[in-house]
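First the structure, in the form of structure tokens, and then the observations on it.
The values are calculated or read from the model by the stated rules, or taken from the named source; none is laboratory data. Remember, it's a predicted structure, so these values are computed and weren't measured experimentally. Glycine also receives a Cβ, built like all others from the backbone with ideal geometry; neighbour counts cover every protein chain displayed. Side chains included, ligands, DNA and RNA excluded: accessible areas come from the protein's heavy atoms. Shrake-Rupley method; radii C 1.70, N 1.55, O 1.52, S 1.80 Å.
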Amino acid sequence: GAGAAGCVAYTGASAVADTKEDEVVTTVPECFDCLGSYIKYHEEISAQYPNIDILPLNSQALALHTIIRDKGTSRDDFVFYSNRIIRLLIEQALSKLPFVPTVVMTPCDVPFYGFEFRERVVGVSIMRAGDSMVAGLRSVAKGVRIGKILIQRDEDDLEKKAHMSYKKLPGDISRRHVLLLDPMLATGGSACLAIDALIKAGVSEERITFVNVVANPEGIERLFREHPKITIVTSFVDPGMNEMKYILPGLGDFGDRYFGTEEDQHGRRTYTYH
């Protein structure tokens with residue numbers, strides 16, 4: 001169950017944490033079926049929440065997550081491999097939108113029966129970390145409009161209560177399907193404020209898709225409790241959270257690592273296919 005997945009996750013985290021920066025973990029218990037445990041945990045989450053879509057987890061997807069979670073990964077590699085995951089998430093989110101049948105003529109003058117997009121899309125990033133996902137959306141949705149929402153947390157508050165500081169949305173957003181972008185879903189406070197702002201702007205819940213890299217069950221539960229008709233598309237669900245409201249095993253502060261503003265720029269490890 002969830003507890004078993006959590007034990008597997010924490011075992012991996014502690015093994016990495018005990019190594020020096022340039023060391024690679026090579027000794028893993030024979031019973032350590034991390035892929036199978038993660039898949040089972042994701043299946044349990046999906047069964048509980050029908051409106052969540054967790055990317056299929058295979059060896060390659062888990063390898064990508066291993067790289068971005070490694071505290072020794074260089075910033076260039078963190079950005080590169082995060083972008084690969086984000087691109088997969090965007091494609092999956094777009095596949096959930098309505099399509100209509102159409103027919104085109106091929107260069108061989110033979111009809112081809114297929115689908116075409118029906119919905120007009122807008123991306124809305126929850127600044128700053130959400131900005132990391134905008135390029136991935138623009139790479140597959142040519143000319144897409146982008147809105148911005150700035151939500152700041154009170155770092156001195158144990159609950160990390162959030163408040164909205166800024167928003168700029170397209171004037172016709174109520175007639176579009178919104179992809180709400182934020183890589184980390186912890187308590188759900190920022191995401192719920194952003195969804196509230198979209199609803200006030202005339203967007204219906206069922207036309208909001210929250211696109212996210214790593215989610216926590218607490219945030220998932222809150223989003224669906226307050227906004228049951230939205231859709232969540234994520235690539236991984238981590239079971240834990242510490243007293244500072246950081247997801248565990250997690251990957252640290254996504255925005256700091258992506259934009260290079262973390263205090264400790266110690267990551268030097270690079271990953272290649274050769």
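Here are the numbers for this structure:
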read-out: Listed pairs K40/K71; K96/K168; K148/K229; K200/K229 exceeding 20 Å between Cα atoms; value: K40/K71; K96/K168; K148/K229
read-out: Extension gain (nm, one decimal) between F80 and S59, 0.36 nm per residue minus Cα-Cα; value: 5.8 nm
read-out: Ranked packing of 35-45, 190-200, most packed first, by mean Cβ within 10 Å; value: 190-200, 35-45
read-out: List R257, R207, ordered by accessible area with a 1.4 Å probe, largest first; value: R207, R257
read-out: Listed residues S174, I149, A215: farthest to the positive end of the dipole of the stretch 107-217 (Cβ charges); value: S174
read-out: Volume per residue of the C-alpha convex hull in the stretch 134-269, rounded to whole Å³; value: 132
read-out: Solution diffusion estimate, µm²/s, Stokes-Einstein, the stretch 55-166, Kirkwood Rh from C-alpha pairs, 4 °C, viscosity 1.567 mPa s; value: 75
read-out: Among 162-168, 176-182, 112-118, 136-142, the order from most to least packed when residues are scored by Cβ within 10 Å on average; value: 176-182, 136-142, 162-168, 112-118
read-out: Per residue accessible area of the stretch 94-236, 1.4 Å probe, in Å²; value: 49
read-out: Accessible area of the stretch 83-135 belonging to carbon and sulfur atoms, whole % at 1.4 Å probe; value: 62
read-out: Distance in nm between pseudo-label sites at V103 and R153 (7 Å out along the Cβ direction from Cα); value: 5.4
read-out: Those GluC sites (Glu not before Pro) in the stretch 127-212 that DSSP places in a loop and that have at most 13 other beta carbons within 10 Å; value: E155, E159
